[in-house]
Amino acid sequence: MTSNNFLIIMAGGVGTRFWPFSRQSFPKQFHDILGTGRTLIQQTADRFEGICPNENIFVVTSTEYYAITKEQLPFLTDNQILLEPSRRNTAPCIAYACFKIAKKNPNANIVVAPADHIILKEEEFRKRINIALDYSIENDVLVTLGIKPTRPDTGYGYIQFDDSEANEIKKVRTFTEKPNLELAEMFLASGDYVWNGGIFIWSLKSINAAFDMYLPEVADAFRIAQKHFYTAKEKEALDIAYPRCRSISIDNGIMEKAENVFVVLSDIGWSDLGTWKSVYENSEKDEVNNVIDAKAMLFGVEDCIIKTPKDKLVVINDLKGYIVAEFDGVLMICRKDDEQKVKEFVTKAEAYGKQFV
């Protein structure tokens, strides 16, 4: 671990596909979804122990999540909790954090990680991150972790890599966002595609050069705002900078265009926990494949997710392949195979009051 290693945790999303637990007021990254005793954002910070000192961890989130971020990660100072005035996707979010870090340490080497992923093989994860950090220190590169695919999943982006050399860091050939099933099956069979895990590693010098080349308006906006960082005028500067930035992901804005992108192949037990299906796949199951986080009496129930408050007794008879979830005034009962409808449920629930979304 060196004082030049920094971590940016992106924690501003709402995660509507995990409704009713993930809400505008309490999104999924602040929940202990798998019952580990630590929330997703706490686990994210925990796994960088030994890689990055606590004082070099920055969390980018929304103003409404300041208090809960401070509560769950109490070691953070106010200067380490970066509050976006509006959501502009991941490129402006990352730019803000990088320009803030640059004012503190222009020699920084940075890892960017979403707050809502799980990593089951944490020691292997640390090895992969250190490989990427070492490479980014010595080379002008943008590095991402490529997750070894276990199935032809159409919900993930894919990275094709150059497999001509036998080393752990591969040159990236192409990015493909969420292919159809036929393409996903071809990618899996080819052996030279990995999932895009959304975890990035680069030196401050390399990412700033990439912003200047591919998203110059974003770089200009934050370069102007930077003079007010760590002062009382930071919020005012951000209120001017953010409207100048279009809403664009770091993948679309930089990674898919840059020529110096590399991937570290990784088998780390990764999931983005984006949906109820991913929670089901990554949770312990009983003898009839139920995932139960509830005080429940079940009769003839199989292949279900039951997640309800422990102060209520849930009695279910003769149910197969369903999600039964209750949180903060909302009960949802939905077939597991229909989980893609959850976003539609959220949209329609707003008519009953904003407290339900």
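Per this entry, V291 is not counted among residues that are touching a Lys or Arg at 6+ places or on another chain (Cβ under 6 Å) and within 17 Å of V14 (Cβ to Cβ).
One residue stands out among those in segment 26-45 that are in contact with a helix residue (DSSP H, G or I) (Cβ under 7 Å, 6 or more places away or on another chain) and in contact (Cβ under 8 Å) with a residue 40 or more places away in the chain: the one that is surrounded by the fewest Cβ atoms within 10 Å (Cβ to Cβ), which is F30. Looking at R151, R173, R128, can you tell me which residue is of a type in the set (K, R), open to solvent by 10 Å² or more (accessible area, probe 1.4 Å) and more than 24 Å from N208 (Cα to Cα)? Checking each option against the conditions leaves just R151. With respect to K103, is the statement that it is open to solvent by 10 Å² or more (accessible area, probe 1.4 Å) and closer than 13 Å to N208 by Cα true? Answer is yes for this residue. Scanning segment 240-295 for residues that are open to solvent by 40 Å² or more (accessible area, probe 1.4 Å), in contact (Cβ under 8 Å) with a residue 24 or more places away in the chain and of a type in the set (D, E) gives E256, D267, D293.
Scanning segment 296-323 for residues that are in a loop (DSSP other than H, G, I, E, B) and either β-branched (V, I, T) or surrounded by 18 or more Cβ atoms within 10 Å (Cβ to Cβ) (or both) turns up C304, T308. Quick one: is D328 closer than 20 Å to H31 by Cα, within 26 Å of the chain's Cα centre (by Cα), of a type in the set (D, E) and open to solvent by 20 Å² or more (accessible area, probe 1.4 Å)? Answer is yes for this residue.
This table checks each residue for (1) at negative phi; (2) at pLDDT 95 or above; (3) outside any loop (DSSP other than H, G, I, E, B).
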site: T44; (1), (2), (3): yes, yes, yes
site: I51; (1), (2), (3): yes, yes, no
site: V60; (1), (2), (3): yes, yes, yes
site: E64; (1), (2), (3): yes, no, yes
site: A67; (1), (2), (3): yes, yes, yes
site: K70; (1), (2), (3): yes, yes, yes
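The values are calculated or read from the model by the stated rules, or taken from the named source; none is laboratory data. Note that the structure is a prediction, hence the values are computed from the model and not measured. FYI the Cβ positions are ideal-geometry reconstructions off the backbone, even for glycines, and counts take in every protein chain you see. The protein model used for the area step is the full one, side chains on, heavy atoms only, and it has no ligands, DNA or RNA in it. Shrake-Rupley method; radii C 1.70, N 1.55, O 1.52, S 1.80 Å.
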